[in-house]
Amino acid sequence: MTLRVNTPKKPYDVIVCGAGHAGCEAAIAASKQGADVLLLTGNLDTIAQMSCNPAIGGQGKGQIVREIDALGGEMALNADFTAIQFKLLNTSKGKAVQAPRAQCDKKAYQLRMKHVLEQQPNLTLFQAMVDGLIVQNSCCNGVTTSMGLHFYGKTVVVTTGTFLQASTHIGQSKSEGGRLGDHSAKGLSSHFIKHGIELKRFKTGTPPRLLGNSINFNGLAEQSGDQDPTKFAFYDSRTDTEMFHVEQNRRWPTKGSHELGSNLVKCFLTSTTETTHQLINENLHLSPLYKGDIVGAGPRYCPSIEDKVVRFSNKDSHRIHLEPEGVNTDEWYINGLSTCLPFDVQQKVIKSIPGLENAMIIRPAYAVEYDYAPPTQLKKSLESLLVKSLFFAGQINGTSGYEEAAAQGLMAGINASRTALCLNSFSIYRDEGYIGVLIDDLTAKGVTEPYRMFTSRAEHRLLFNHGSAEHRFLKKADIYNLHSSLRRENIKNQLQTTETWIKIFETNKSDSGITYAHQIKSVPEVEINFPESFYQLPQSVQNEVIYRITYDGYLKREIAAAKRIKNAENLEIPSSFSYDSLPGLRTECTEKLNQVRPSTLGQASRISGVNPADISIVHIYLERFTKLQKNKGD
Amino acid sequence: MIDTIIALATPAGESALAVIRVSGQLSNIIAKKACNCTKPKPRNAYLVNYRSADGETLDQVVITFFNKGNSYTGEVSLEISCHGNPLITEMICKDLINRGCRIAHPGEFTRQAFLNGKIDLPQAESVAQIIAAKNEQALTLAQRNLKGKLSDKLLSIQQDILNLQASIEAHIDFPEDDLHENDQERVHQKVRKIVQELEALLLQSTRTKLLTRNIRVVLTGLPNVGKSSLFNALAGKNRALIHSESGTTRDYLEFDIKIGKFWITLVDTAGVHNASEEIELAGIEMSLEQANEADLFLWVIDNSVPHPTELPEKFTKLLQSKPTLLIRNKSDLGKNNWAPNYNPSPKAINISSTGKYGLRELETLLLEIIQKLTGEGSENEYLVGVRHEVLIKNCLDKLNRFLTESNNEVGDEIISMHLTEARKELDIMIGRKTNEDMLDILFGEFCIGK
Ligand SMILES: Cc1cc2nc3c(=O)[nH]c(=O)nc-3n(C[C@H](O)[C@H](O)[C@H](O)COP(=O)(O)OP(=O)(O)OC[C@H]3O[C@@H](n4cnc5c(N)ncnc54)[C@H](O)[C@@H]3O)c2cc1C
Ligand SMILES: Nc1nc2c(ncn2[C@@H]2O[C@H](COP(=O)(O)OP(=O)(O)OP(=O)(O)O)[C@@H](O)[C@H]2O)c(=O)[nH]1
Ligand SMILES: [Mg+2]
């Protein structure tokens, strides 16, 4: 195995730039497809680093992680094996929107992922800063690095996160870098612009980190995890070797140091005070956000504390969660206190909070501003519309969040490798899962703020309960070879068992004289005496049976609704199709379509301001266009 | 599974025949269930009774069935020719909707025809233009129909639902934020309020009013001009007292008659004049009260004598406020042909109630006026009307379903689903709201961000 430097005749199949959450998944997925992969990253010590909160999952995101697992990705296993506290969210609400979340050991998470990359066949890992693209005839076939090395690849996946032209802000102080203390990627932006790729700016921020032994936890509300953790990965379908993965490798250092699904730590709850708010109001003029030094739009769902205080002045207190960053460190993450106020103000703000009176900041809060490439410039496969063989995934596409990044990485990795191997592209549709919604929203609608998944974005979210991910993607996993044949067989059997039990419950009556199905729908399941053999089934199968019976009527409705829109939905609009001068199409609509360039008729129909009659017109011309193309080809 | 769509193929209104086209899978079932015609031979005409899902015979119709590939659209189709009366076509359309069809979007039939290769490629351009034109027309009609109060009301209801959703979604998607408890009773209360508003809206709409209850036709005029005589003549029965002395009718009298397909309540009232006698005065007040309820006035005058120009002001004002038909009665005795000097002058007709002439013409004229009143203009106007009514009703159904189905056992995501379904019905009328709109409210209203 040698590093192939400057070998245009022997290109890699896929070159991935940046080993963040997107880059790791991209590289692993591509090599699993059989591609020969090179993963370049600026610093091997920051592989899969959680820039912000050391937690995986949460609402909308937890479901994505399970989907990643169902598609053969790594994030779920990595989170499970390095978790220090698990929590299932929304247990008091509907089952359809329950989501797993876990606090992870930040360093352990990185190390394990690094080790997975190291032992992955067909994957070469190398530390290098990418500073340019090698493009010929609008087709990307390699990258250059700051050391002057040239690497050639049939496809290139860019997963540089928050690093493009990045600057960090703490009050007046401004420095370059995608994270505090990290580098900034410089040459790349101008290369993108040169090839017609538009860039825009976003910002995000992170709270200060404190030293644990300077925090007074007495009197703060404790938050412990679930006794019976809900893990991200699906284990019932896995074989032992798949289950333990790198943990079986003797060289993996933390084997045995903590167990899968452990609940090692507690989190704590405190809140801001009147003094906090007063301090913030008095110093608002020093925040680069309010001074206008930061121009990029930030996420509304993740506002800085200054935003919260200003916009919700009627609230006299905001919650603050104290979360440990790991078991081998005493660094604590102060959730809810993201800010870019000057450091001295940060110190005063911290001291105004109960429990933090004497707390010491060991890493200041900051905001980061960076370039992103509006994702409407991408195909559904995440390949650029402008430069062939160039793929984009992760935060560079205007998203935010580890899970959103990883999901895109997975999709881009599979597609880049399939392109390199001359195979058809892989896609997931809106009615199949959150990842489908994510990709479709990004490529069809674009973003106006850093995009995060919300369950409300999925019109068929009842079909997307986290437990069904493996079943939902079984067919795809089959076609695209995403799992070992044994795992596929196991999922198939489980799906069958699930369906058999649903039938049994729909027909068989329990002691109380009504069918089990009827009972499940009317009383809490704990009060039902199921047949003994039901309890022998894997827990995941039991859950799925109950879920599908409880939601039976609704699921049928959703499936019918999804089917109805499916016909036109998947009709592809070739990128060469022009909306200009389509008779009858309103100018306003032409503009919108030109701007978004939807890749299917379904995407087109979801663009605001485009009505059914417009779709009819587009549909007709599309049909004519494809027929003419075909005739030309014949 | 493609929707079965319906549309009127002939312009509605005064035509003798109307053709309703049904395109899609349900065509077979409709032929069988509504027309009692199992396995009709394609392209053969059958004379059958059209029965609604409630079992009522709506009309005698001629149906023609078309196989897939051999119809206008290329889908399985059914053409129903019924009588040209708009009320009949409307009832049939409503029944078809009840049976699962939906009204076609502008140009949808032509589009299907094109996509199924029934119209060839070079024609695509003209097809698109037709769709664009029809869309334009439908939009302006929709706007016209919706202008003012109705659309304002619908917009505010749409907003109310969206607000409600924002608060529910905030709780679903941000479980770790400290939001106030989302209590179901409050949601129910709000939904109940929205239901009430929609119900009121449905009642208020003149169209619906005219279609769900009889049309009130009030006879009015000076004493002794022959109002009661005309009332009896139209009723075909001697219900009202007739006398050569004026002031015979003191109370009001009602009688239901049917003209065409419309049920009409005829109301005979006391003659109006600058009265002196107290009991008569009371009667006049009463007839003015009746006048307020009227959909249409028949203003009866005595054509054989010159018209006394002085009329109570209250009275003329009333006449101008509603559709009025001027009846010059006693034309057998003379023809002064007086008309009031205000603009526009009401339509007038010469008749004789006792000589029984002009009565046929009067009925025809009445039917025409009533058809206009019920809004039966062009095809599109008519469809827009039905469509809105159906959509408001659908929205109500879904909200009611929400109220009955949701209790403490039901998750927030189900509650939200019901609300989305209800809101979508309004979206069709007044423009789509997206999840982004909901998120805008959510982030504006709730302090999110752990
Ligand atoms: C300050 C801050 C606060 C954040 N706050 C939140 C939050 O509150 N909630 C949330 O969900 N998300 C937050 N995020 C975002 C989250 O960290 C990202 O969404 C996620 O990490 C994106 O993953 P990625 O793989 O796209 O990129 P990153 O994780 O940024 O990884 C990019 C990788 O590429 C490498 N790289 C960059 N440029 C080059 C180059 N030219 N050559 C080689 N390697 C390169 C970097 O070294 C890095 O390893 C925050 C990020 C930051 C920096
Ligand atoms: N020649 C002739 N006489 C008529 C005609 N219509 C009504 N009359 C006579 O006119 C008189 C008044 O008729 P009514 O029908 O009682 O008049 P009215 O308007 O109801 O009178 P009030 O109830 O008193 O206001 C009666 O003697 C009728 O016979 C008509 O068309 N021709
Ligand atoms: Mg009378």
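The values are calculated or read from the model by the stated rules, or taken from the named source; none is laboratory data. Predicted model, so just to flag it, every value in this text is computed and none were measured. Cβ: placed from backbone, ideal geometry, glycine included. Neighbour counts: every protein chain shown. Heads up: the accessible areas ignore ligands, DNA and RNA and are worked out on the full protein's heavy atoms, side chains in. Shrake-Rupley method; radii C 1.70, N 1.55, O 1.52, S 1.80 Å.
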Among strands (runs of 3 or more DSSP E) completely within the stretch A:9-97, the ones holding 2 or more residues that are more than 13 Å from ligand 1 (Cβ to nearest atom), crowded, with 23+ Cβ neighbours inside 10 Å and of a type in the set (A, V, I, L, M, F, W, C) are A:83-89
Residue pairs qualifying under the 8 Å Cβ cut-off, at least six apart or on distinct chains, with the first in the stretch B:229-243 being within 14 Å of chain A (Cβ to nearest Cβ) and the second being open to solvent by less than 100 Å² (accessible area, probe 1.4 Å) and within 8 Å of ligand 3 (Cβ to nearest atom), are none
Considering residues that are among the charged types (D, E, K, R) and at pLDDT 80 or above, the number found within the stretch B:423-448 is 6
Per the filter on the stretch A:272-287, residues of a type outside the set (A, V, I, L, M, F, W, C) and open to solvent by less than 40 Å² (accessible area, probe 1.4 Å) are A:Thr272, A:Thr273, A:Thr276, A:His277, A:Asn283, A:Ser287
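Return the residues of the stretch A:276-311 that are among the basic types (Lys, Arg) and within 20 Å of B:Ile441 (Cα to Cα); say none if nothing qualifies. Full working, then the answer.
Narrowing the stretch A:276-311 to residues among the basic types (Lys, Arg): A:291, A:300, A:308, A:311.
A:Arg300, A:Lys308, A:Arg311, listed by residue number.
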Of (1) among the β-branched types (Val, Ile, Thr); (2) in contact with a Leu (Cβ under 6 Å, 6 or more places away or on another chain); (3) open to solvent by 40 Å² or more (accessible area, probe 1.4 Å); (4) closer than 30 Å to A:Pro374 by Cβ, A:Val327 fails just (4)
#### Entry: Any hit, the stretch B:276-285, residues being open to solvent by less than 10 Å² (accessible area, probe 1.4 Å), modelled with pLDDT under 75 and more than 14 Å from ligand 2 (Cβ to nearest atom)
no
- Message: Going residue by residue through the stretch A:398-414, is there one that turns out to be within 29 Å of A:Arg201 (Cβ to Cβ), among the aromatic types (Phe, Trp, Tyr) and part of a loop (DSSP other than H, G, I, E, B)?
- Response: no
Flagged in the stretch B:170-179 as open to solvent by 10 Å² or more (accessible area, probe 1.4 Å) and not in a loop (DSSP other than H, G, I, E, B), in numbering order, are B:His171
Scanning the stretch A:450-471 for residues that are in contact with a strand residue (DSSP E or B) (Cβ under 8 Å, 6 or more places away or on another chain) and open to solvent by 20 Å² or more (accessible area, probe 1.4 Å), the one nearest to the other protein chains (Cβ to nearest Cβ) turns out to be A:Arg452
Selection from the stretch A:152-179 of residues open to solvent by 20 Å² or more (accessible area, probe 1.4 Å), at pLDDT 95 or above and small (Gly, Ala, Ser) yields none
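Listed here are the residues, each with its yes/no results for (1) within 16 Å of ligand 3 (Cβ to nearest atom); (2) of a type in the set (Asp, Glu); (3) not in a loop (DSSP other than H, G, I, E, B).
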residue: A:Asp182; (1), (2), (3): no, yes, no
residue: A:His191; (1), (2), (3): no, no, yes
residue: A:Gly196; (1), (2), (3): no, no, no
residue: A:Thr204; (1), (2), (3): no, no, yes
residue: A:Asn213; (1), (2), (3): no, no, yes
residue: A:Phe217; (1), (2), (3): no, no, no
residue: A:Gly225; (1), (2), (3): no, no, no
residue: A:Lys231; (1), (2), (3): no, no, no
Considering residues that are open to solvent by 70 Å² or more (accessible area, probe 1.4 Å), within 33 Å of the chain's Cα centre (by Cα) and not basic (Lys, Arg), the number found within the stretch A:472-524 is 8
